[in-house]
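**Student:** Quick one: the structure is below, and I'll ask about it shortly.
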Amino acid sequence: MLATNNGSFPWKGAGVAADGAVLDRITREVIEAQTRAGLDLVTDGLVRRQDPVSHVAGRLEGVTLGDARGGFPGSGATYRMPIVASEVAWRRPILNEDYLFAREGSPRPVKPVLVGPYTLARVSEDRAYSDPMALAMGLAIALNLELKALQAAGAAWLQIDEPAILQAKQDFPVFTRLWEVLGRGVTATLCLHLEGADITGLYPGIARLKRLGCLSLDCVAGKANLSLLGSATLPGTLKIGLGLVDGHSPRVETPGEILGTLRSSEGLPPPDNILLGTASDLGALPPEVAFAKLESLARARDLA
């Protein structure tokens, strides 16, 4: 059983413009905090990102960034809307430098995180394709190259956030085709993280996506996920991420509460296939609260 963070980690200067040297220092600090909390798998804290999509989408050819707006799927976060003015293309690695810097200073494996093609297409203004599926497929092809670049740089875990599929479950047949293209040639563990609701209507099909190594679920806003997992047999190699701490609440879940949830949930995979994680991003919390939540996850892992 592993303990992991599925998003950012807050830092005390959040919202203040910072240069590269400051962001380097903050990255080191948030990795150290996650490690000290006892996590097995960390992120770089996403400290270089102003919102969920700009850092990656804004560096794809054919994409510019528009005005800020609220309501990002799953979290409700503010983001700058990608504007797709011409055919999307990937020309060079986007997250490799961030990943390599984080990995160099981390005693734990670092997991890159990026928003997937379906959600990116849903939050973009399309001025080029005039077809949501064509735009999403263009993004899937581009992001597949980004995943391969991260894999070549040494990333063993890659997290794809796709909260928008939980708001349009009727698009799942389209989503499966996008996921297949996104994962072609990727041998690192692909982790699909779904925040904001449960997977009723998508399960068990979503657990059987090609090349899916880990299905990470929000078990706070999507509490029904815990019972859904017992309704069908899981693939034997699939890891399940259980998002059991809430990034929207300052209340710190106790290790006993987390362990109690595990023990009362039927149909979970063997412990070796379970990741205890965050249901939603911790970035809006005070750093000491975020740390305490991650520490509770690690202690629950030890108790389990």
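**Student:** Pick from Gly74, Gly62: which is under 14 Å from Val115 (Cβ atoms), in contact (Cβ under 8 Å) with a residue 60 or more places away in the chain and surrounded by 17 or more Cβ atoms within 10 Å (Cβ to Cβ)?
**Tutor:** Numbers: Gly62 fails: under 14 Å from Val115 (Cβ atoms).
The unique qualifying residue is Gly74.
**Student:** Residues of region 80-91 being of a type outside the set (S, T, N, Q) and either in a strand (DSSP E or B) or without any contact (Cβ under 8 Å) to a residue 24 or more places away in the chain (or both), which ones?
**Tutor:** Hits for region 80-91 are Arg80, Met81, Pro82, Ile83, Val84, Ala85, Glu87, Val88, Ala89.
**Student:** May I pose another question? Filter region 167-194 down to residues that are of a type in the set (A, V, I, L, M) and assigned to a helix (DSSP H, G or I) and give me whichever is farthest from Gly116 (Cα to Cα).
**Tutor:** The qualifying residue farthest from Gly116 (Cα to Cα) is Val174.
**Student:** Turning to a different aspect of this structure: Conditions first: (1) under 22 Å from Trp179 (Cβ atoms); (2) polar (S, T, N, Q); (3) open to solvent by 20 Å² or more (accessible area, probe 1.4 Å). Ser86 passes all but one, so which condition is the exception?
**Tutor:** Result: Ser86 passes all but (1).
**Student:** Any idea which of Ala152, Ala207, Ala168, Ala188 is in contact with a Pro (Cβ under 8 Å, 6 or more places away or on another chain) and at pLDDT 95 or above?
**Tutor:** Ala207 is the lone residue from the list that is in contact with a Pro (Cβ under 8 Å, 6 or more places away or on another chain) and at pLDDT 95 or above.
**Student:** Can you tell which of Leu215, Leu259, Leu242 is within 27 Å of Phe291 (Cβ to Cβ), modelled with pLDDT of 95 or more, open to solvent by less than 50 Å² (accessible area, probe 1.4 Å) and assigned to a helix (DSSP H, G or I)?
**Tutor:** Within the list Leu215, Leu259, Leu242, the selection yields Leu259.
**Student:** Does region 92-104 hold any residues that are in contact with a strand residue (DSSP E or B) (Cβ under 8 Å, 6 or more places away or on another chain) and either touching a residue at least 60 places away in the same chain (Cβ under 8 Å) or open to solvent by 50 Å² or more (accessible area, probe 1.4 Å) (or both), and which are they?
**Tutor:** Residues satisfying the conditions are Ala102, Arg103.
**Student:** Filter region 135-166 for residues that are charged (D, E, K, R) and not in a loop (DSSP other than H, G, I, E, B); which is least open to solvent (accessible area, probe 1.4 Å)? Let's see the steps before the verdict.
**Tutor:** Here is the first cut: in region 135-166, the residues charged (D, E, K, R) are 146, 148, 161-162.
If we keep only those that are not in a loop (DSSP other than H, G, I, E, B) too, we end up with 146, 148, 161.
On the way: Glu146: 0, Lys148: 79, Asp161: 31 Å².
Only one residue tops the list, namely Glu146.
**Student:** Tell me which residues, restricted to region 155-168, are over 28 Å from Gly71 (Cβ atoms) and touching a Phe, Trp or Tyr at 6+ places or on another chain (Cβ under 8 Å).
**Tutor:** Ala155
**Student:** Which ones in region 155-178 are under 24 Å from Gly277 (Cα atoms) and free of Cβ contacts under 8 Å to residues at least 40 places away in the same chain?
**Tutor:** The answer is Lys169, and nothing else.
**Student:** Condition test on Ser227, is it farther than 21 Å from Val115 by Cα, in contact (Cβ under 8 Å) with a residue 12 or more places away in the chain and open to solvent by 60 Å² or more (accessible area, probe 1.4 Å)? Quick ask: steps written out before the conclusion?
**Tutor:** Working: farther than 21 Å from Val115 by Cα: yes; in contact (Cβ under 8 Å) with a residue 12 or more places away in the chain: yes; open to solvent by 60 Å² or more (accessible area, probe 1.4 Å): yes.
So Ser227 passes the test.
**Student:** Check whether at least one residue in region 105-128 is surrounded by fewer than 17 Cβ atoms within 10 Å (Cβ to Cβ) and modelled with pLDDT under 95, and report yes or no.
**Tutor:** yes
The values are calculated or read from the model by the stated rules, or taken from the named source; none is laboratory data. In this text the structure is predicted, and so the values were computed from the model without any measurement. With ideal geometry, Cβ positions are generated from the backbone for all residues, glycine too; neighbour counts draw on all protein chains shown. Ligands, DNA and RNA are excluded from the accessible area calculation, which covers all protein heavy atoms including side chains. Shrake-Rupley method; radii C 1.70, N 1.55, O 1.52, S 1.80 Å.
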